[in-house]
Amino acid sequence: MFTFWMVALFMLIGSLLPSIVKWGTNFIFKVTEEEKRFREEFNELRKELAGISAVDEFARYARTQRKMNKLEEQIQALGQSRMDDRESIKWKFTKTIQIINGAVLVYLAVTQRYEPVLTGLSDWFWPLNFILSYPTGVEGSLSIVFWLFICNNACRALLK
């Protein structure tokens, strides 16, 4: 029964991991105060620019436009830096956990391949008993290979 729950837990963790990591990195890499200040200043300049006539006050209009362009570049640079850091951490963390998760599942599959995960299924899946119990050889049991397959498909369906 230990193998039953361990495989189910690790498959669920593997399926939910990208969502959990995405939420965590979005929480950690929030918009900075500097970026918020730049955005507020940009919006103020946009309002100011809307009130300036481009024909009558061209110099003032062009100066405000240049300030807006400079602020927009700074906002984009800060946002891109934050997103690059977030994606890098997200990718590294996700891949590390997936490797560990995969290694644990492979270890369980190799060490427990001749032990049935569940027994007493002889009446439930009568024509498929031999296939479901492979490689354990115990009639009416479920092997870890098929339990991995079942858990994987169930977790994928759960996320859809």
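Do we find a residue being modelled with pLDDT of 90 or more, surrounded by 16 or more Cβ atoms within 10 Å (Cβ to Cβ) and among the β-branched types (Val, Ile, Thr) anywhere in the range 78-93? There is no residue in the range 78-93 that is modelled with pLDDT of 90 or more, surrounded by 16 or more Cβ atoms within 10 Å (Cβ to Cβ) and among the β-branched types (Val, Ile, Thr). Filter the range 14-34 down to residues that are open to solvent by 70 Å² or more (accessible area, probe 1.4 Å) and more than 16 Å from Ile97 (Cα to Cα), then give me how many there are. The qualifying residues number 5.
When Met11 is tested against (1) within 25 Å of Tyr107 (Cα to Cα); (2) open to solvent by 40 Å² or more (accessible area, probe 1.4 Å), just one condition goes unmet, and that condition is (2). Each residue in the range 42-77 was checked for being of a type in the set (D, E, K, R) and either at pLDDT below 90 or closer than 30 Å to Lys90 by Cβ (or both), and 4 of them qualify. Trp147: at pLDDT below 90, over 30 Å from Glu41 (Cα atoms), over 16 Å from the mean Cα position of the chain (by Cα) and surrounded by 15 or more Cβ atoms within 10 Å (Cβ to Cβ), yes or no? Yes. Counting the residues of the range 99-126 that are at pLDDT 75 or above and in a helix (DSSP H, G or I) gives 13.
The values are calculated or read from the model by the stated rules, or taken from the named source; none is laboratory data. Predicted model only: the values in this text are computed from it and were never measured. Methodologically, a virtual Cβ is constructed for each residue, glycine included, from the backbone with ideal geometry; neighbour enumeration extends over all protein chains shown. SASA here: full protein model, heavy atoms, side chains in, ligands and nucleic acids out. Shrake-Rupley method; radii C 1.70, N 1.55, O 1.52, S 1.80 Å.
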